[in-house]
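Notes follow once the structure below has been shown.
The values are calculated or read from the model by the stated rules, or taken from the named source; none is laboratory data. Source: prediction; values computed, not measured. No Cβ is skipped: glycine too gets one built from the backbone with ideal geometry, and neighbour counts run over all protein chains shown.
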Amino acid sequence: MNSPNDSKLYAHIALPVPLIGGFDYIVTKVQTEHAVAGARALVPFGNRRLVGVVLELKTRCDLDDAKLKPIDMIFTEQPVFSSEMLTLLSWAAHYYSHPIGEVFSNALPSALRKPKAAPTYTKSLWRRTRKAFEGRSNAHLQIAALDALEHSPSGLWDDALRIMGFSTNLLRKLEQQDYIEREENDLSSKAMQISEDAHHYTLNEEQAATLTSIKAKLGRFSPHLLEGVTGSGKTEVYIAAVKECLLLDKQALVLVPEINLTPQTFKRFQSQLGIPVAVYHSGMTEKEKFITYQMLKTGQAKVLIGTRSAIFLSTQALGLIIVDEEHDSSYKQSDNFKYSARDLAVKRAQLEDCAIVLGSATPSSDSLLNAQQGRFDWLTLNQRAKKAAMPTIKLEDMRALTSKDILSPRTLAKIKTQIDQGNQVIVFHNRRGLAPSLMCFDCGWIYQCPNCDARATVHQRPARLHCHHCDYKSPIVGSCPQCKGTNVNAVGAGTERIEQILHYYFPNTDLVRLDRDEIKNQADLEQATSIIHQGQPCLIVGTQMIVKGHDFPDVTLVVVVDADGLFFSSDFRAMEKGAQQLLQVAGRAGRGDKKGEVTIQTRQPEHPLLELLKQHQYTNFMQNELRERELCALPPFSKLATIRAESVDAGRCEQALAQLKGCLNSTKELAGICIAGPLSAAISRKQNRYRYYLHVFAENNKQRFIAQHYTLHFIHQLKQRDLRLSIDVDPIETN
Ligand code: ADP
Ligand code: ZN
Ligand code: ZN
């Protein structure tokens, strides 16, 4: 061992590759004076050179100095992460037991993962000129684009305009005709002032009170839960809070579950703030992402709206984080680095010493408990912002009907009444395709995906069988391979079937289907929603895609085709998720000035849960749910880590997990820990790989962390080929 030498510097560097033995970082010698924590470095690794990030600099090192390699170079640009982000990322790697190098490379724009200096790009900011529009009065898109720019005198960025549905081609055309002009990268401070004439509502009493509470705590770490019924005007409160934050000359980060398919929220922020709002989502090019990253980091962009990965963007002076629809499961990344952007947002607010607002009409059990126990400030909005009251929820008893009846006669009659009165109706069903299975009525054979233990869904357009778990596709088979009969039928209903039924009963009414098969991009969505926004009578059939972020003011009736399907699953969160989906979709009714109604078709009309939801008693329902979780020591009362195993050999999975369980159970520090499993996953084979899991319920984070530590050790020692073990901390899919 070497004696410490004061003139030497050692750097701990995170690399984007797995390190042998599960180490987090490598130690190198540094000679350059540019070395600072957060800088990018080029590092020799085997016979390669990799780009890593300097985590820490030390003057002492316990390793043999002679064996340490010197760093090749440090990139001289500004550090790529702020010190708060360095802390957050290291914390996340630790908390989720994920290799730190991968966590860092997840957070780095791809342009910075290359062994090159940071590129310099420019970004177009578009503005309206003074020239009056002389085009055709039916050039709706052109007029809409000019209107949007008129409402944002300081200009709009091109990617933001795209979110709003305006293509680059359209902008070029308008530019050629001198209606709009573009500036490259002009981000003078004058341009960044909130425009005074931006449209906004006067907040009602409830909204104003919540804003006052948030405003009072803007300058320090203060987590809030904003529980506001659907249509209560949460978005207006967010916008007002962002304005307050801007007045303090701080930046605001707004996380939303989905942005390219729900441009509405973005448009509202954009038009009411008046300053250029930056966007960040997975549909952007790497170049666009890099520019956004830079603008936020240098403070040129003041407000950013983005999906979950936006939580990794560094800021200069963060004042406020908003997490809209905080209960939404898309905040959790389900593969690879399994982080929750919502939970990281709270941690980040703590590190940056800023305010955070988690908003939802149906808050998650985790956030409700935090609010109940006083860790979060609990703000509520109980009234809808517009005239209409909360919709009336009625249950439709389906027990007397056969399983072939998808919509009851009474439901159909209700739909007819609303359509006849010139209103719009949403029919919600959380299954795509024509039917969930293909069955032989003679012998009972059911078509199974050859790669998964799951049925393939029957689709009509295009006609085929499609496995939603592994993407396997096959032509529809006309005869039964088991009995050779031809009595093969599509059984059950998906959105395509419901579309057929409605078209049969309402042949002359506009019908729009919103699901992933029909809506593949923003143009599809734009087209579909433009029909809805015309306000004519219209039937809207869809999956949860209709629930997220849309505001269709003319919808007066919402039909939930199969409520029972929402609640039954072995997942202990099934009730919570079901209730959230039900109330979220119910909340689409009566958002304008007309009162709404909701019809919930069920074969369990006496279920106490439905009774509570009928009265919009979400909080009461969740109190019960939380009491039950507490009795069973389930999250959020215990801390869960799920260990999953995957292999072509089922026995290998089970054996390894059983061994791990034995090892954890015999660890002294883990006395009292509760381990369930090994259990076979709900879809026990996916893409020809078997899936098993262990649930590790710990009393607290510390105990869970010890269990994670031993599990990691176990995984690193595992010499089995073709067996993959992974840890999922705070999982949301638990079966
Ligand atoms: P939430 O986000 O809680 O579902 P929104 O913010 O979308 O609710 O508001 C619901 C509707 O009420 C929107 O059409 C919105 O423009 C309108 N609204 C919100 N606040 C006000 C207000 N103070 N005055 C008038 N209309 C409002
Ligand atoms: Zn058969
Ligand atoms: Zn499959």
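Some observations on this one:
- Taking first residues from segment 440-452 that are over 21 Å from Cys470 (Cβ atoms) and within 16 Å of ligand 1 (Cβ to nearest atom) and partners that are part of a loop (DSSP other than H, G, I, E, B) and hydroxyl-bearing (Ser, Thr, Tyr), no Cβ contact under 7 Å between residues at least 6 apart in sequence or on separate chains turns up.
- Enumeration of residues in segment 427-447 that are in a strand (DSSP E or B) and surrounded by 20 or more Cβ atoms within 10 Å (Cβ to Cβ): Val427, Phe428, Ala435, Leu438, Met439, Cys440
- Taken over segment 32-50, residues that are in contact with a Lys or Arg (Cβ under 9 Å, 6 or more places away or on another chain) and either surrounded by fewer than 20 Cβ atoms within 10 Å (Cβ to Cβ) or at pLDDT below 75 (or both) amount to 3.
- Test: residue in segment 657-672 that is within 28 Å of the chain's Cα centre (by Cα) and either hydrophobic (A, V, I, L, M, F, W, C) or farther than 30 Å from Gly596 by Cα (or both): no
- For segment 448-502, the set of residues classified as under 30 Å from Arg410 (Cα atoms) and either part of a strand (DSSP E or B) or within 16 Å of ligand 2 (Cβ to nearest atom) (or both) consists of Thr457, Val458, His459, Asn489, Ala490, Val491, listed by residue number.
- Phe697 vs. criteria within 30 Å of Ser330 (Cβ to Cβ) and either of a type in the set (A, V, I, L, M, F, W, C) or buried (at least 19 other Cβ atoms within 10 Å of the Cβ) (or both): yes
- For segment 119-127, the criterion of being closer than 20 Å to Gln270 by Cβ and among the basic types (Lys, Arg) is met by at least one residue.
Conditions (1) without any contact (Cβ under 8 Å) to a residue 12 or more places away in the chain; (2) more than 27 Å from the chain's Cα centre (by Cα), marked per residue:
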residue: Gly38; (1), (2): no, yes
residue: Arg48; (1), (2): yes, yes
residue: Gly52; (1), (2): no, yes
residue: Lys69; (1), (2): no, yes
residue: Thr87; (1), (2): no, no
residue: Ser97; (1), (2): no, no
residue: Glu102; (1), (2): no, no
residue: Pro109; (1), (2): no, no
residue: Trp126; (1), (2): no, yes
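- Enumeration of residues in segment 54-68 that are within 8 Å of Tyr10 (Cβ to Cβ) and not in a loop (DSSP other than H, G, I, E, B): Leu57, Lys58
- Selected residue (criterion: farthest from Arg48 (Cα to Cα)) from residues of segment 69-99 that are outside any helix (DSSP H, G or I) and charged (D, E, K, R): Glu77
- For segment 503-516, a residue qualifies if it is in a loop (DSSP other than H, G, I, E, B) and within 30 Å of Asp420 (Cβ to Cβ), and the qualifying residues are Phe506, Pro507, Asn508, Thr509, Asp515.
- When Asn336 is tested against (1) out of contact with any strand residue (DSSP E or B) (no Cβ under 8 Å at 6 or more places or on another chain); (2) crowded, with 23+ Cβ neighbours inside 10 Å, just one condition goes unmet, and that condition is (2).
- Residues that are modelled with pLDDT under 85 and either exposed (fewer than 10 other Cβ atoms within 10 Å of the Cβ) or in a helix (DSSP H, G or I) (or both), drawn from segment 174-187: Glu184
- Residues in segment 100-122 that are in a helix (DSSP H, G or I) and hydroxyl-bearing (Ser, Thr, Tyr): Ser105, Ser110.
- Complete set of residues in segment 654-705 that are part of a loop (DSSP other than H, G, I, E, B) and of a type in the set (A, V, I, L, M): Ala671, Ile673
- Test: residue in segment 280-296 that is within 15 Å of the chain's Cα centre (by Cα) and crowded, with 24+ Cβ neighbours inside 10 Å: yes
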